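Structure record follows, encoded as structure tokens.
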Amino acid sequence: MTNKELEKKLFLKKESSWITYNQSEIETAIDFCENYKTFIDNSKTERLCVKYSINILESRGFKNLKDFDSLKTGDKFYKNIKGRAIFAGIVGQNKESLNIVGAHVDSPRLDLKPNPLFQDSELALLKTHYYGGVKKYQWVNQPLSIHGVIYTTDNREVEISIGEKEEDPKFIIPDLLIHLSQEQVKKEGSVVVEAEQLNVLVGSIPVNDSEIKEQVKFAVLNYLYNTYNITEEDFNSADITLTPSGKAMDIGFDRGLIAAYGQDDRVCAYPAIEVISTLDTPEKTALIFLSDKEEVGSPGDTGADSNILLNLAIEYKELLGLTKDAHLILENSMAISSDVTAGVNPNFKSVHELNNAPILGKGVAIVKYTGSRGKAGAHDCGADFVAYIRKIAKEDNIPVQTSVMGRIDLGGGGTIAKHLSSYGMNVIDAGPALLGMHSPYEVASKIDIYSCYKLYRSFLQR
Ligand code: MN
Ligand code: MN
């Protein structure tokens, strides 16, 4: 063997998937991403995403778990967790262990406070509380839409969704003009725009009645009353969110990238839904878990740091009449925690250590460990399970790039991996690399999104 041949054998190659995939597969990938764009446009919140996912699942023969008296091999079920998280599965030949793909469907955003509405300077505004990790200055001067649900004391569920259609009004948080910003621009980035300044404009035309003290606020409340039959107090029991307005966009002359709000982590939720809803009966039971509240640490009744997966496993084993304990079924399972990571941004390369940083277009980023500083709080996947993922990726010609998130001691992050692994199952993080994560327009490569779909399929069909 010449040294040149030996070099080919010994060195780790990281090639662009646009080069390594053949033309017909590239066309498949681009078509797949057209459907993905429709999915993400209809999934601005976790509630909308769960609703849209249920539509896909039901149209492909999945039934609500509560409508089953028993389960058998080949059955396709889903479980809706309070409209904010969802499981979907297909019972395999081997029922005593699961192959799980878990993503999250919540994204950073601005939530309304419980008492949001006020009038100031002849304008009506809503007070917000940011959700998840955001650079607050990115959310001003940005067309926003309102999505959410209000529950009234007369048992109505009122859905609000304004600002996505072209003819809809939009909402905006006005930034300070440059002319008067000498003090503002000297501030640190985290306080250039402060949290309590994230008040969004919702009205400006007063009611023409001198008897009324707050005439603009009155006009807004009157509009809401006439349109939705709600009063100011009903905001107390509402989950209402402001998200960037508008649809996913192709980026670049070649259209190889997608910019969209909420790709973290619906860019993983969509491949997971597509795989499970088109899968033939697998060898082991296949399950996807689209969780909520990941962006605030996965707490609560819909987050991964709860018993909802265990509860599902208990229901599952009882419907199948299995004698094995649900804990042991989960311990015996394995999972891909499908979440995004930070791709190399040519404008900010110094935050990465480039030997271990994922490049857009070079495949699914396999993240062996997360956490920060000395791996604190990390989920660190065992090397044997990393090898298993490498092996299935090789067998099915799926490009992957093993990487970590950024330079050591700069920051870090976590996913649902550690919550899944608390049952004792093998778990690894894998998903596409993004640019501008948590911003109003996160950027992903179409070819990586397709590679994720292929990896999740390869994993779940076994
Ligand atoms: Mn995420
Ligand atoms: Mn995130």
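Our compactness index for region 111-244, the C-alpha radius of gyration over the empirical 2.2 N^0.38 Å, is 1.12.
When the alpha carbon gyration tensor of region 262-348 is reduced to an equivalent ellipsoid, the three semi-axes, largest first, read 29, 17, 11 Å.
Along the chain, the longest continuous region that contains none of the chymotrypsin sites (Phe, Trp or Tyr not before Pro) in a DSSP loop with at most 12 other C-beta atoms within 10 Å is 12-252. Listed cross-link partners LYS293/LYS454; LYS95/LYS446; LYS51/LYS391; LYS95/LYS368; LYS63/LYS293 are compared with a 30 Å cut-off, the Cα-Cα value being larger for LYS95/LYS446; LYS51/LYS391. For an R0 of 25 angstrom, estimate the FRET efficiency from the Cβ-Cβ distance between SER16 and ASN355 and round to the nearest 0.05. FRET efficiency, SER16 to ASN355: 0.90. Stretching VAL386 away from GLU96 to a fully extended chain increases their span by 102.2 nm, per 0.36 nm per residue minus the current alpha-carbon distance. Taking a point 7 Å from the Cα of LEU322 along the Cα-to-Cβ direction, the residues of region 63-86 with backbone N closer than 14 Å to it are 71-75.
Across every direction, the projection of the convex hull enclosing the Cα atoms of region 1-46 has a mean area of 5.4 nm². For region 147-212, the list of GluC sites (Glu not before Pro) that fall in a loop by DSSP and count at most 13 other C-beta atoms within 10 angstrom reads GLU166, GLU167, GLU183, GLU188, GLU194, GLU211. Measuring r between the beta carbons of LYS135 and MET1 and using R0 = 60 Å, the FRET efficiency lands at 0.70. On the basis of the beta-carbon distance and an R0 of 60 Å, ARG373 and ASN226 show a calculated FRET efficiency of 0.65. Extension gain for ASP301 to ASN55 (0.36 nm times residue separation, less C-alpha to C-alpha distance): 86.3 nm.
So which of LYS72/LYS394; LYS9/LYS394; LYS82/LYS136; LYS44/LYS82; LYS79/LYS135; LYS79/LYS247 end up more than 26 Å apart by C-alpha? Intermediate results must be reported in sequence, preceding the final value.
Details: LYS72/LYS394 32 Å; LYS9/LYS394 15 Å; LYS82/LYS136 29 Å; LYS44/LYS82 17 Å; LYS79/LYS135 34 Å; LYS79/LYS247 28 Å.
Beyond 26 Å: LYS72/LYS394; LYS82/LYS136; LYS79/LYS135; LYS79/LYS247.
Using the scaling law 2.2 N^0.38 Å as the reference, what is the normalised Cα Rg of the chain?
Cα Rg divided by the expected 2.2 N^0.38 Å: 1.04.
With both labels modelled 7 Å from their Cα along Cα-to-Cβ, the LEU180 to LYS66 distance reads 5.3 nm.
Stretch LYS9-SER161 to full length: gain in nm at 0.36 nm per residue minus the Cα-Cα span?
Fully extending the segment from LYS9 to SER161 adds 49.2 nm.
Across region 170-181, rounded Karplus estimates of 3J(HN,Hα) from the backbone phi angles (6.51 cos²θ - 1.76 cosθ + 1.60, θ = phi - 60°) give 10, 10, 8, 9, x, 7, 7, 5, 4, 4, 10, 10 Hz, Gly and Pro being marked x.
A straight line joining the Cα centroids of region 139-169 and region 34-90 runs 23 Å. Under a 5 Å amide H cut-off, with hydrogens placed 1.01 Å from N, ILE251 pairs with GLY256, LEU257, ILE258, ALA259 among residues at least 5 apart or on other chains.
Quick note: the coordinates plus some simple rules give every number you see, no bench work behind them. Note that the structure is predicted; figures quoted are calculated from it, not measured. Glycine gets a Cβ as well: all are built from the backbone with ideal geometry, and neighbour counts include every protein chain shown.
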